Amino acid sequence: MTPHPRRRRRGDDRREQIIDEALKAFADNGYRSTSIAEIADRCGLSQPGLLHYFPNKAALLSAVLDYRDRLDHDRLGFDQQLRGKDALVRLAQLVDHNMHVPGLVRLFTVLTSEAVTADHPAHRWALNRYRLLPDYLAGALQAGIDDGTIRKDIDPAAIARQVFAMMDGLQLQWLMDPDTVDMAALFRAYVDELIAYIS
């Protein structure tokens, strides 16, 4: 028997609220220092009430990371393979957008820092990110080499790694000192110089 649509909608709304509050809590305190009780309290729920929606903290973290990845997927346009320099321009647009969502950037930075240990629940997620995104960008750069818009003597894989290192490093500096570090302008300047170099 399927739940009544209104009841199902209320359940979906409650799940979204829990994910939103968990995202904020994980971004503020990290995964290990955040308790289910704290997230439940933020949502106006009891611990058993929250566990009705997510069986444990690791499952809730997984839902938060899925949500964050969906947002990036939509913004980056992963449903279409970008070619050549267009992929670099899209990344610059993403960095510009990230300046307006500091909570998501903080969540990413805190969790990837914690996830360097193999026993962290987000370890596999972080490892996959640092494999998939550079591969995606390297493929776009290779497509530019193939169509003649990018020089043939570059190493697409190495450049892709450098781009994400710059992106993540600027995010960290911006989180530490947002009044001094203009993450979007610095990354855009880097991308412009890189495009000039590889063209």
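Between THR149, THR112, THR117, the distinction of being touching a residue at least 40 places away in the same chain (Cβ under 8 Å) and over 23 Å from HIS73 (Cα atoms) belongs to THR149 only. No other residue among TRP125, TRP174 is out of contact with any Phe, Trp or Tyr (no Cβ under 8 Å at 6 or more places or on another chain), of a type in the set (Phe, Trp, Tyr) and at pLDDT 90 or above apart from TRP174. On the stretch given as the range 77-100, residues that are modelled with pLDDT under 85 and surrounded by 18 or more Cβ atoms within 10 Å (Cβ to Cβ) total 1.
Quick check, is ILE19 under 18 Å from the mean Cα position of the chain (by Cα) and either at pLDDT 90 or above or charged (D, E, K, R) (or both)? Judged against the criteria, ILE19 is a match. Would you please list the contacts, defined by Cβ atoms under 6 Å and residues six or more apart or on different chains, that run from a residue in the range 1-20 that is open to solvent by 70 Å² or more (accessible area, probe 1.4 Å) to a residue that is of a type outside the set (Val, Ile, Thr) and at pLDDT 80 or above? Matching pairs, first to second residue: ARG15/TYR53. Taking the criterion of being in a loop (DSSP other than H, G, I, E, B) and surrounded by fewer than 19 Cβ atoms within 10 Å (Cβ to Cβ), the residues of the range 101-119 that qualify are VAL101, VAL116, THR117, ALA118, ASP119.
Taken over the range 120-144, the residue count meeting the criterion of being part of a helix (DSSP H, G or I), open to solvent by less than 20 Å² (accessible area, probe 1.4 Å) and in contact (Cβ under 8 Å) with a residue 60 or more places away in the chain is 2.
Looking at this structure, is ALA160 among the small types (Gly, Ala, Ser) and open to solvent by less than 20 Å² (accessible area, probe 1.4 Å)? Against the criterion (among the small types (Gly, Ala, Ser) and open to solvent by less than 20 Å² (accessible area, probe 1.4 Å)), ALA160 qualifies. On the stretch given as the range 50-74, residues that are more than 16 Å from LEU107 (Cβ to Cβ) and touching a Leu at 6+ places or on another chain (Cβ under 6 Å) total 1.
The values are calculated or read from the model by the stated rules, or taken from the named source; none is laboratory data. From a predicted model like this one, the values you see are computed outputs, not experimental measurements. Glycine gets a Cβ as well: all are built from the backbone with ideal geometry, and neighbour counts include every protein chain shown. Keep in mind that these areas ignore ligands, DNA and RNA; they rest on the heavy atoms of the full protein, side chains included. Shrake-Rupley method; radii C 1.70, N 1.55, O 1.52, S 1.80 Å.
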